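What follows is a set of notes on a single structure, which appears directly below.
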Amino acid sequence: MQPHNLVALVTLLSLILLVWTIMRVGGARARFGVEAPATTGHPEFERHFRVQMNTVEGLMVYLPSLWLFALYWTDLVAAVLGLVWIAGRLIYTLAYVKDPKTRSMGFGIQGLATIVLLLGALIGVIRALMITGGA
């Protein structure tokens, strides 16, 4: 069995990205006086909050797909696709907070990485099932 050190590192970097978005929400709360548990208020706070929530939502598909892709294909390719996802999320985050209408490029980059990982994982599982006869 191959080690998955690269995917582990990319997983940690992905979680650091999430923590960064959480910290930005906290900063926006303080800056714009939006007290918890409110999730609405100043439009810039709301954009920070949506970026954080969109990142959490995206992680639910991306992280399992990343690991399953690495298990059935290669750690290196999965890690590179994970770095593409992170880059896309960074672009998305900065664009969305500045002007939500400009978020498309970042969304497209991370979305494409997610789809490749998800479909690659699915193909890997099906291939393994066919080789082992379903067991």
Original post:
Taking Cα atoms, how many degrees apart are the long axis of helix 75-98 and the longest axis of the chain, rounded to 10 and kept between 0 and 90?
Top reply: 20
**OP:** In nm, give the distance between the simple-model label positions of ALA30 and LEU83, each being 7 Å from the Cα along the Cα-to-Cβ direction.
**Re:** 3.3
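So if I place +1 on the C-beta of Lys and Arg and -1 on the C-beta of Asp and Glu, and nothing else carries charge, what would the dipole magnitude of segment 5-132 be about its Cα centre? I want it in debye, nearest 20.
Working: 10 positive and 6 negative charges, 45 e Å.
For segment 5-132, the charge dipole is close to 220 debye.
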Subject >> Extended-chain gain in nm, criterion 0.36 nm per residue less alpha-carbon gap, ALA38 and MET130 >> reply: 28.1 nm
**OP:** Have a look at ASN5, ILE123, LEU63 and report the one farthest towards the positive end of the charge dipole of the chain, computed about the Cα centre with Cβ charges (Lys/Arg +1, Asp/Glu -1).
**Re:** LEU63
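Quick note: the coordinates plus some simple rules give every number you see, no bench work behind them. Remember, it's a predicted structure, so these values are computed and weren't measured experimentally. Every residue, glycine among them, receives a Cβ derived from its backbone with ideal geometry; neighbour counts consider all protein chains shown.
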